[in-house]
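Structure first, then comments.
The values are calculated or read from the model by the stated rules, or taken from the named source; none is laboratory data. Since the model is a prediction, treat every value here as computed from it, not as a measurement. Quick reminder, even Gly has a Cβ in these numbers, built from the backbone with ideal geometry, and neighbours come from all protein chains shown.
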Amino acid sequence: MQQHYFSARPSSPSKPGTVDLVLPDLRLTLDTDAGVFSPQGVDAGTKLLLLDGPAPDAAAAGPFLDLGCGYGPIACALGRRAPDAEVWAVDVNERARELCVANADRAGLDGVRVAAPEDVPADLSFAGIWSNPPIRIGKPALHALLLDWLPRLEPGAKAWLVVHKHLGADSLAGWLGASIGPTTRVSSRAGYRILEVAPDR
Ligand SMILES: C[S@@+](CC[C@H](N)C(=O)[O-])C[C@H]1O[C@@H](n2cnc3c(N)ncnc32)[C@H](O)[C@@H]1O
């Protein structure tokens, strides 16, 4: 069976590697492996989200969410930028979660909590969500995922999603605006859109 980066238990043989996440304000070396998203290097969209999206306040407490954390570039960057914040890093892919745990540990990021979606406390709400969402799971599953998690933002809090225009960023923006709340394109670069979503209350 073909393996996807969003398999719960990737069966592809392990092929460990490391990548560097280099941003103006931080540098992290991250473990990667086969069977997870973008193992050869930090995805260009992820990097743009971290460059052009808002950074959390350095003194923020969170809790924040990285929805679909993979090996953890977004969660670890949030943890580095807001060292006292609780950052939930959530993914269905077990191998990705293990890598994210190792990457947060190595960087000394005590606030990063890596979890399967079903292990996040149901009553937890978030002070911000950052995500490079799993577009390739298909539109119905993606919509269901966003309807599950974005309404869990605290009142007044926002989500920032990076999506490539060739993967439907503009139609997703329309759907988010109609189904979740006001949606603004805060950046458009190299084909990627960063969408800011403020759920209706
Ligand atoms: C585009 S990748 C981004 C990974 C990582 N944030 C990065 O920037 O490298 C999307 C991630 O969402 C995960 N994913 C897929 N379906 C999910 C679901 N229902 N709940 C949580 N994560 C999911 C995939 O396993 C994948 O790791």
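One residue is enough: does the stretch 165-188 have a residue meeting the conditions at pLDDT 95 or above and within 20 Å of TRP88 (Cα to Cα)?
no
Is it the case, given these coordinates, that ALA122 is away from the ligand (no atom under 11 Å from the Cβ) and in a loop (DSSP other than H, G, I, E, B)? Spell out how you get there, then give the answer.
Working: away from the ligand (no atom under 11 Å from the Cβ): yes; in a loop (DSSP other than H, G, I, E, B): yes.
Considered against the rule, which asks whether it is away from the ligand (no atom under 11 Å from the Cβ) and in a loop (DSSP other than H, G, I, E, B), ALA122 comes out as yes.
Filter the stretch 147-179 for residues that are in contact with a strand residue (DSSP E or B) (Cβ under 6 Å, 6 or more places away or on another chain) and part of a loop (DSSP other than H, G, I, E, B); which is surrounded by the most Cβ atoms within 10 Å (Cβ to Cβ)?
Looking at the filtered set, the residue picked out is LYS158.
Return a yes/no flag: does the stretch 133-156 have any residue that is under 21 Å from LEU23 (Cβ atoms), within 12 Å of the chain's Cα centre (by Cα) and in contact (Cβ under 8 Å) with a residue 24 or more places away in the chain. Even if it seems obvious, please write down each step before you answer.
Taking the stretch 133-156 as the starting set, the residues that turn out to be under 21 Å from LEU23 (Cβ atoms) are 133.
Checking the rest, the ones that are also within 12 Å of the chain's Cα centre (by Cα) come to 133.
From what's left, in contact (Cβ under 8 Å) with a residue 24 or more places away in the chain: 133.
Yes, there is a match, as at least one residue in the stretch 133-156 is under 21 Å from LEU23 (Cβ atoms), within 12 Å of the chain's Cα centre (by Cα) and in contact (Cβ under 8 Å) with a residue 24 or more places away in the chain.
In the stretch 27-57, how many are away from the ligand (no atom under 15 Å from the Cβ) and either without any contact (Cβ under 8 Å) to a residue 40 or more places away in the chain or more than 16 Å from the chain's Cα centre (by Cα) (or both)? Talk me through it step by step, then tell me what you get.
Filtering the stretch 27-57 for residues away from the ligand (no atom under 15 Å from the Cβ) gives 27, 54-57.
Of the ones still in play, those that are also either without any contact (Cβ under 8 Å) to a residue 40 or more places away in the chain or more than 16 Å from the chain's Cα centre (by Cα) (or both) are 27, 55, 57.
Of the residues in the stretch 27-57, 3 are away from the ligand (no atom under 15 Å from the Cβ) and either without any contact (Cβ under 8 Å) to a residue 40 or more places away in the chain or more than 16 Å from the chain's Cα centre (by Cα) (or both).
Can you tell me which of ARG189, ARG193, ARG113 is more than 21 Å from HIS4 (Cβ to Cβ), among the charged types (D, E, K, R), touching a residue at least 60 places away in the same chain (Cβ under 8 Å) and touching an Asp or Glu at 6+ places or on another chain (Cβ under 8 Å)?
On the way: ARG193 fails: touching a residue at least 60 places away in the same chain (Cβ under 8 Å); ARG113 fails: touching a residue at least 60 places away in the same chain (Cβ under 8 Å).
When all the criteria are applied, what remains is ARG189.
Name the one entry in ASP105, ASP110 that is among the charged types (D, E, K, R), loosely packed, with under 15 Cβ neighbours inside 10 Å and in a loop (DSSP other than H, G, I, E, B).
Working: ASP105 fails: in a loop (DSSP other than H, G, I, E, B).
The match here is ASP110.
Tell me yes or no: at least one residue of the stretch 94-101 is within 9 Å of the ligand (Cβ to nearest atom), in a strand (DSSP E or B) and either touching a residue at least 24 places away in the same chain (Cβ under 8 Å) or surrounded by 21 or more Cβ atoms within 10 Å (Cβ to Cβ) (or both).
The answer is no; no qualifying residue exists.
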